[in-house]
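Just below is one structure, and these are the notes that go with it.
The values are calculated or read from the model by the stated rules, or taken from the named source; none is laboratory data. Keep in mind that what you see is a predicted model, and the values were worked out from it rather than measured. Backbone-built Cβ (ideal geometry, glycine too); neighbour counts: all protein chains shown. In case anyone asks, the SASA skips ligands and DNA or RNA and just uses the protein heavy atoms, side chains included. Shrake-Rupley method; radii C 1.70, N 1.55, O 1.52, S 1.80 Å.
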Amino acid sequence: MGIRYRKSIKVAPGVKINFNRKSASVTIGGKGFHKTFNSNGQTTTSVNLPVKGLSYTDKKGRKGRSSSYAPTARYENSRSSSYAPAAHYKNTGNVVKAPAPKEKKVTAKAVIPDPPTVDVAVIGFFIIVAGFFLSGSSIPAGIIVALFGASCIYAYIAYKKNPDSDKYISESQLTRWRQLLSVSSGTSSELVEKSLPVLLDLKAATEKYCNQLPESAEALLSTQQKIIDFSEFVIIKGDNPKKDYERYSALIAKSHK
């Protein structure tokens, strides 16, 4: 069973700092209306409507966790499938089924992240305030929290001083990425979610064409090239598109001999 941690600190009337294992957030407002700014870049607006039991919630920006996609069986490595030990079958007289192999969760990540926004700096400020209050009960914990908040502010200031830094994705790169997906808008974190199913379909196509060699040589390399085009911006964890292209090229050369 997973361990969860959540703590809220009230720093002023209508202002709370929230902490969990993966992120920190600031909530401003009361029961009728409040807005939450998450350190992962997500903003949540909640409004309790006049009708009892009805409320409105709107979430924008980056999600707090990486998007995941449960792949179909064709992406699984059959050698990693688990099975019940032989002792489980010995002299029982009953048929015991081996447990089904666990599905691998496929995740994609942006090669170049979004630049920090002013919201990140604001959250960093409130985190520093929270660290100050936390130091009353634990000085080391307060220092750690305050340093994290300071790093958020520093990241925003450093980006504003050098907006052309290669550390963050540029608008021209976002434009090319959107063109690959045939969409007109979206931040880096939003485009990662849209790219994952496309990359999985392209990977499935390369597997199919690989099994149809040598007739499918041109289609195989063309499909793998599309994956390489995406790899400038997003990549599936564990993949190496350029190395795969070289491997497919070697298979094609071998199949034509």
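The test for being touching a helix residue (DSSP H, G or I) at 6+ places or on another chain (Cβ under 8 Å), in a helix (DSSP H, G or I), farther than 30 Å from residue 131 by Cα and touching a residue at least 12 places away in the same chain (Cβ under 8 Å) does not hold for residue 196. Can we say residue 167 is at pLDDT below 90, assigned to a helix (DSSP H, G or I) and of a type outside the set (A, V, I, L, M)? Judged against the criteria, residue 167 is not a match. What do you reckon, is residue 150 open to solvent by less than 50 Å² (accessible area, probe 1.4 Å), modelled with pLDDT under 90 and among the small types (Gly, Ala, Ser)? Answer is no for this residue.
Taking the condition exposed (fewer than 15 other Cβ atoms within 10 Å of the Cβ) and either β-branched (Val, Ile, Thr) or touching a residue at least 12 places away in the same chain (Cβ under 8 Å) (or both), does residue 237 pass? Judged against the criteria, residue 237 is a match. Of all residues in segment 194-209, exactly one satisfies the criterion of being crowded, with 18+ Cβ neighbours inside 10 Å and more than 19 Å from residue 107 (Cα to Cα), namely 209. Does segment 183-190 include one or more residues that are farther than 27 Å from residue 123 by Cβ and touching a helix residue (DSSP H, G or I) at 6+ places or on another chain (Cβ under 9 Å)? So far as segment 183-190 goes, yes, one or more of its residues are farther than 27 Å from residue 123 by Cβ and touching a helix residue (DSSP H, G or I) at 6+ places or on another chain (Cβ under 9 Å). Being more than 13 Å from residue 112 (Cβ to Cβ), in a helix (DSSP H, G or I) and among the polar types (S, T, N, Q) is a property that holds for residue 179. Of the residues making up segment 218-250, those that are over 16 Å from the mean Cα position of the chain (by Cα) and of a type in the set (Val, Ile, Thr) are 223, 227, 228. Only a single criterion out of (1) assigned to a helix (DSSP H, G or I); (2) open to solvent by 30 Å² or more (accessible area, probe 1.4 Å); (3) out of contact with any Ser or Thr (no Cβ under 8 Å at 6 or more places or on another chain) is not satisfied by residue 159, namely (3). Screening residue 217 on (1) of a type outside the set (Ser, Thr, Tyr); (2) open to solvent by less than 20 Å² (accessible area, probe 1.4 Å); (3) within 23 Å of residue 107 (Cβ to Cβ) shows it passes everything except condition (3).
With the condition kept exactly as written, say whether any residue in segment 130-144 is among the hydroxyl-bearing types (Ser, Thr, Tyr), surrounded by 13 or more Cβ atoms within 10 Å (Cβ to Cβ) and assigned to a helix (DSSP H, G or I). Taking every residue of segment 130-144 in turn, none turns out to be among the hydroxyl-bearing types (Ser, Thr, Tyr), surrounded by 13 or more Cβ atoms within 10 Å (Cβ to Cβ) and assigned to a helix (DSSP H, G or I).
Going through (1) surrounded by 13 or more Cβ atoms within 10 Å (Cβ to Cβ); (2) free of Cβ contacts under 8 Å to residues at least 60 places away in the same chain; (3) part of a helix (DSSP H, G or I); (4) not polar (S, T, N, Q) one by one, residue 191 falls short only on (2).
Within the bounds of segment 236-254, is there any residue that is under 30 Å from residue 120 (Cα atoms), outside any helix (DSSP H, G or I), at pLDDT below 95 and β-branched (Val, Ile, Thr)?
First, pick out the residues of segment 236-254 that are under 30 Å from residue 120 (Cα atoms): 236-238.
So of that shortlist, the ones also outside any helix (DSSP H, G or I) come out as 236-238.
Filter once more, so that each one left must be at pLDDT below 95: 236-238.
After this cut, where a residue has to be β-branched (Val, Ile, Thr) as well, the list is 236.
Yes, segment 236-254 has at least one match.
Summed over segment 200-257, the residues that are touching a strand residue (DSSP E or B) at 6+ places or on another chain (Cβ under 6 Å) and of a type in the set (A, V, I, L, M) give a count of 2. Pairing residues of segment 158-177 that are closer than 18 Å to residue 191 by Cβ and touching a residue at least 60 places away in the same chain (Cβ under 8 Å) with residues that are in a helix (DSSP H, G or I) and among the polar types (S, T, N, Q), at Cβ distances under 9 Å and at least 6 apart in sequence or on separate chains, gives 169/188; 173/188.
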